[in-house]
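Taking it in order: structure first as structure tokens, then the write-up.
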Amino acid sequence: MIMSDRVTVSIIKADVGSVCGHSRPHPKMMESCREVLRDGLRAGTVNDFYVTRVGDDINLFMTHNRGENSKDVHGLAWEAFKAATKLAKEMKMYAAGQDILKDAFSGNVRGMGPGSAEMEFKERGAEPLIFFMADKTEPSAYSMPLSRVFMDPYTTTGLVIDPRAHVGFKFEIVDVIDSKKIVMSAPEESYDILSLLGDTTRYAIKRIWSKHDDIGIGAVISTDKLNLTAGKYVGKDDPVAIVRCQSGLPAVGEVLQPFMFPQLVAGWMRGSHYGAWFPCSVDNSDPTFFDGPPRVCALGMMISNGKFQGCEDPVHDVGVHRPIDFFAGSEWDGARAKAMKASIYMRQHGPFMPGILGPEEMEYTTRPAVLCKLKDRMENID
Ligand code: F6R
Ligand code: MG
Ligand code: MG
């Protein structure tokens, strides 16, 4: 095949089992993924990789020159998750193999259980990326923060004062129920964009591009809706997003700022509750209160000559990447405290809306069985 001079950054992620409920993949599972990716590195399938997690989801970060939806790269990720699943089953981890929905790989992980977000670009002089990873929620959770980042001048001052950001951004929006997509342009269509995105049960951002000639892709989000890919609901997507920053795109600080507001997102506990999105470090991403609250992590790395570059110590960290874990610091304690306050408030609704989701969105329900049982006792109101 012809290798592109453009670099592709791929995150492929899956929940294939964890320790004590839906909490944290066992370190041996993570290591088995690394072993498979090391083989892929030796074989030249990928240029570089980094394996991490958020809550119970394993996230494989990879760089390569094979473009999006590469059969080889997706196949490698599939093998990594199969290896982790085998261990998870042997160790009797909880929900072992949950997101491995098919027996045989058929060219792309889409529709097979794992989620993916990939972007291809020509590497700039310096290429800072933020990798967002979420647990216990769905892709539309990113709609509010990313529309603020790429459309709201009160969030991103760059939209007003950086000439290259000032031209605005294009949004690809997907309708996850009807499998449709549309490209819209901001700032001209901002209100129309928000009219769609405000319905978080149906619409989500898939991609954002700069409208400036030389910049290209700005953000990509995984939008694989697991309930639909599995034909039945098997869990919220726990989506990932990659955001490319600086030099005409929103600055790193502009991208992080909206996460200070712990918005209510769907997917907490049994995929059936609203909870406040809790920004945290990877180490703090175990679901510790009512299987949550929903978490979001933000890892920062550069792409340098087609490979990842973090803050690794040249002596002690040979071959290991050390991203900046942006939500680890005490600056985010206030947002975390607010998220806990809002989440506890939501919990006080018990099984009542809006503590729980609307009926179409519930991952678990007894309603059809209850209605069936009551059928003969249900009477018309005069
Ligand atoms: C899973 C999740 C959890 C589970 C809950 C019940 O991602 O969010 O809240 O839905 O622990 O799990 P089961 O039905 O496996 O007992
Ligand atoms: Mg899970
Ligand atoms: Mg998860």
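Coordinate-derived values only; no laboratory data. Every value quoted in this text rests on a predicted model; they were computed, and no experiment measured them. Cβ sites come from the backbone with ideal geometry, for glycine too, and all protein chains shown count toward neighbours.
I'd like the distance separating the alpha-carbon centroids of the range 175-220 and the range 335-382, in whole Å.
30 Å
Add +1 for every Lys or Arg and -1 for every Asp or Glu among the other residues with Cβ under 12 Å from the Cβ of Ile215, and state the total.
So the environment of Ile215 carries a net charge of +2.
Taking the radius of gyration and the Kirkwood hydrodynamic radius from Cα positions alone, what is the Rg/Rh ratio for the range 123-372, to two decimal places?
Using only Cα positions, Rg/Rh for the range 123-372 is 0.99.
Distance between the C-alpha centers of the range 1-59 and the range 95-146? Whole Å please.
What the calculation gives is 11 Å, centre to centre.
What is the P(r) of the range 1-117, as percent of Cα-Cα pairs per 5 Å bin from 0?
Spelled out bin by bin, the range 1-117 gives 2, 13, 25, 24, 18, 10, 4, 2, 1, 0 percent.
Taking the chain as a Gaussian network, where each spring joins two C-alpha atoms under 10 Å apart, which residue of Arg367, Arg24, Arg124 fluctuates the most?
Of the options given, Arg367 has the highest mean-square fluctuation.
For the chain, what is the charge dipole size about the Cα centre, in debye to the nearest 20, if Lys and Arg each add +1 at the Cβ and Asp and Glu each add -1 at the Cβ?
About 680 debye.
7 Å from Cα along Cα→Cβ at both Arg110 and Thr288: what's the point-to-point distance in nm?
Taking the simple label geometry, Arg110 and Thr288 are separated by 3.9 nm.
Considering only the other residues whose Cβ falls under 14 Å of the Cβ of Pro250, what net charge follows from Lys and Arg at +1 and Asp and Glu at -1?
Within the 14 Å Cβ shell, the charges total +1.
Hey, what's the Cα Rg ratio for the range 44-97 versus the globular rule of thumb, 2.2 N^0.38 Å?
Normalised by 2.2 N^0.38 Å, the Cα Rg of the range 44-97 equals 1.26.
For the range 292-353, what are the per-bin percents of Cα-Cα distances with bins 10 Å wide, up to the bin holding the maximum?
18, 32, 22, 17, 10, 1
Evaluated at 37 °C with a viscosity of 0.692 mPa s, what Stokes-Einstein diffusion coefficient in µm²/s does the range 112-266 have when Rh comes from the Kirkwood expression over alpha-carbon pairs?
Rounded, D is 209 µm²/s.
Under 10 Å, Cα contacts only: if you run a Gaussian network model on the chain, which one of Val220, Val176, Val240 comes out with the highest mean-square fluctuation?
Highest fluctuation of the listed residues: Val176.
What is the magnitude of the charge dipole of the range 1-117 about its Cα centre, with +1 placed on the Cβ of each Lys and Arg, -1 on the Cβ of each Asp and Glu, and no other charges, expressed in debye to the nearest 20?
That gives the range 1-117 a dipole magnitude of about 140 debye.
Under 13 Å from a point placed 7 Å out from the Cα of Ser195 along the Cα-to-Cβ direction: which residues of the range 131-175 have their backbone N that close?
none
Once every DSSP H run of n ≥ 4 in the chain is given -39500 (n - 2.57) and the sum is divided by its residues, what mean residue ellipticity at 222 nm do you get, rounded to the nearest 500 deg cm²/dmol?
Result for the chain, helices only: -7000 deg cm²/dmol.
Picking from Val174, Pro128, Ala83, whose Cα lies most toward the positive end of the charge dipole for the chain (charges on Cβ: Lys, Arg +1; Asp, Glu -1)?
Working it through, the farthest residue towards the positive pole turns out to be Ala83.
Return the lysines within reach of Lys338: Cα separation strictly under 26 angstrom, same-chain partners fewer than 8 residues apart disregarded; answer none if there are no such residues.
Partners within reach: Lys136, Lys236.
Taking the simple approach of a point 7 Å from Cα along Cα-to-Cβ for both Arg164 and Arg322, what is their distance in nm?
Placing both labels 7 Å beyond Cα along the Cβ direction yields 2.9 nm.
Determine, from the Cβ-Cβ distance of Gln348 and Met91 and an R0 of 35 Å, the FRET efficiency 1/(1 + (r/R0)^6), rounded to the nearest 0.05.
0.40
Below 26 Å, Cα to Cα, which lysines can Lys122 reach? Residues fewer than 8 away in the same chain don't count.
Lys13, Lys71, Lys170, Lys181, Lys206, Lys211, Lys307
Can you check what the net charge comes to around Leu41, using other residues whose Cβ is under 11 Å from the Cβ of Leu41 (Lys, Arg +1; Asp, Glu -1)?
Neighbourhood net charge equals +1.
Taking 7 Å along the Cα-to-C-beta vector as the label spot, tell me the Lys338-Met184 distance in nanometres, rounded to one decimal.
So the two model labels end up 2.5 nm from each other.
Reachable lysines from Lys373, Cα under 26 Å, same-chain residues fewer than 8 places away excluded?
Lys232
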